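The structure appears right after this line, and notes come after that.
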Amino acid sequence: MIVYKNNVTHPTKAWLFVEDTKENILNDLENYTLDPRFENYGNFVFNPTFKNEQQKQNWINEYNENCICIFGNFFDYSHAFYVITDEQNFINELKTAIRKNQNTEKYKNAKLELLEV
């Protein structure tokens with residue numbers, strides 16, 4: 001199961017929103033710098049936590065207990081992505097691309113810039 005929770009701007013028609021895709025996210029991870037602030041919210045890939053048993057049960061009913069969240073945005077480009085999935089290959093592919101982005105000099109500089117504010 002892969003659920004894209006956000007819509008994004010159409011690549012050639014800025015006034016049109018379309019469903020997000022793996023390809024959109026991977027392309028932007030390759031070409032734009034992630035916003036380091038999202039490290040504070042699960043570091044882009046995380047298992048959800050719940051305030052109570054009812055929230056957990058609602059999650060399991062809507063998705064399943066093996067689903068994780070992959071979400072974030074970019075530092076200097078607007079593409080908020082939010083994916084819920086239990087497909088391990090998909091998780092690994094996005095996680096690898098995210099960690100690669102985090103290891104770039106641009107990401108490290110963005111992080112330093114945020115610390116200066």
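The values are calculated or read from the model by the stated rules, or taken from the named source; none is laboratory data. Here the structure is a predicted model, which means the values were calculated and not measured. Quick reminder, even Gly has a Cβ in these numbers, built from the backbone with ideal geometry, and neighbours come from all protein chains shown.
Only one of (1) closer than 20 Å to VAL3 by Cβ; (2) exposed (fewer than 12 other Cβ atoms within 10 Å of the Cβ) is not met by GLU116, so which one is it?
(1)
Could you name every one of the strands (runs of 3 or more DSSP E) located completely within the stretch 1-110 that has at least 1 residues being surrounded by 14 or more Cβ atoms within 10 Å (Cβ to Cβ), more than 12 Å from the chain's Cα centre (by Cα) and touching a residue at least 40 places away in the same chain (Cβ under 8 Å)?
2-4, 7-9
Residues being within 14 Å of ASN101 (Cα to Cα) and touching an Asp or Glu at 6+ places or on another chain (Cβ under 6 Å): count how many of those fall in the stretch 75-90.
Final tally of qualifying residues: 1.
Taking ILE60 as meeting all but one of (1) among the aliphatic types (A, V, I, L, M); (2) in contact with a strand residue (DSSP E or B) (Cβ under 6 Å, 6 or more places away or on another chain); (3) at pLDDT below 95, write down the number of the exception.
(2) is the only condition that ILE60 fails.
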